[in-house]
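The block underneath contains the structure these notes are about, expressed in structure tokens.
Here, each number is a calculation from the coordinates, and none is a lab measurement. The shown structure was predicted, so the numbers you read here are calculated from the model rather than taken from an experiment. Quick reminder, even Gly has a Cβ in these numbers, built from the backbone with ideal geometry, and neighbours come from all protein chains shown.
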Amino acid sequence: MSNLTRVNVAKRLSDMAVYNGVAYLAGQVADDATQDITGQTTQILTAIDKLLATAGTDKTRLLMVQIFVANMKEFDGMNKAWDAWVPAGHAPPRATIEARLASADYKVEIVVTAAV
């Protein structure tokens, strides 16, 4: 039976759970929410890289990505950072949804599932 591992466990949530060869990341938001959507997305993708490395995997093994943006008018700015980050030939299935985020300062939140 596979072990369940949780990473950065807090009272309310963990940053990641790894089970049965799959890493499930919680929604990641920017540390510096004063940045524009491109800057926030870049910060989030860097955090995702670190979490995936902790699980022993990387962005070439993404299974599914969900991106929540506060304002779809900023979609192109988010995609600017995303397109620079995703390796050629490894674009995962992805959904982008407009949503009210936990803080009015957040412009984007990203949820990732990856094979380990």
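Tabulated values for the structure
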{"item": "Among Thr60, Ala95, Val7 the positive-end extreme of the charge dipole of the chain (Cβ point charges)", "result": "Val7"}
{"item": "In degrees, nearest ten, helix 75-85 long axis to first principal axis of the chain (Cα)", "result": "40 degrees"}
{"item": "Other-chain or far-sequence residues with amide H under 5 Å of Thr96's (modelled H)", "result": "Ile67"}
{"item": "Only Lys, Arg (+1) and Asp, Glu (-1) charged, at Cβ; the chain dipole about Cα centre in debye", "result": "380 debye"}
{"item": "For Pro87, net neighbour charge (Lys/Arg +1, Asp/Glu -1) across residues whose Cβ lies under 10 Å away", "result": "0"}
{"item": "Percent RCO, i.e. relative contact order, over the chain, from Cα pairs under 8 Å lying at least 6 residues apart", "result": "34 percent"}
{"item": "In Hz, Karplus ³J(HN,Hα) per residue of segment 92-109 (6.51, -1.76, 1.60; θ = phi - 60°; x = Gly, Pro)", "result": "x, x, 8, 10, 10, 10, 7, 8, 7, 8, 4, 10, 5, 7, 6, 9, 7, 9"}
{"item": "Pairwise Lys count, the chain - Cα closer than 23 Å, eight or more residues apart or different chains", "result": "8"}
{"item": "For segment 31-37, 3J(HN,Hα) per residue [Karplus equation, 6.51 cos²θ - 1.76 cosθ + 1.60, θ = phi - 60°, Hz, x = Gly/Pro]", "result": "6, 10, 7, 7, 6, 6, 5"}
{"item": "Computed [θ] at 222 nm, helices only, for the chain once each DSSP H run of length n ≥ 4 contributes -39500 (n - 2.57)", "result": "-8000 deg cm²/dmol"}
{"item": "Gyration tensor verdict on segment 4-115 (Cα atoms; rounded if a/c is under 1.5, prolate if a/b is larger than b/c, oblate otherwise)", "result": "oblate"}
{"item": "Trypsin sites (Lys or Arg not before Pro) restricted to segment 8-116 and DSSP loop, no more than 10 other C-beta within 10 Å", "result": "Lys11, Arg12, Arg100"}
{"item": "HN-Hα J in Hz across segment 53-64 - Karplus 6.51, -1.76, 1.60, θ = phi - 60°, x for Gly and Pro", "result": "4, 4, 7, x, 9, 7, 5, 7, 10, 5, 9, 7"}
{"item": "Extension gain from Lys80 to Arg100, taking 0.36 nm per residue of separation minus the Cα-Cα distance", "result": "5.1 nm"}
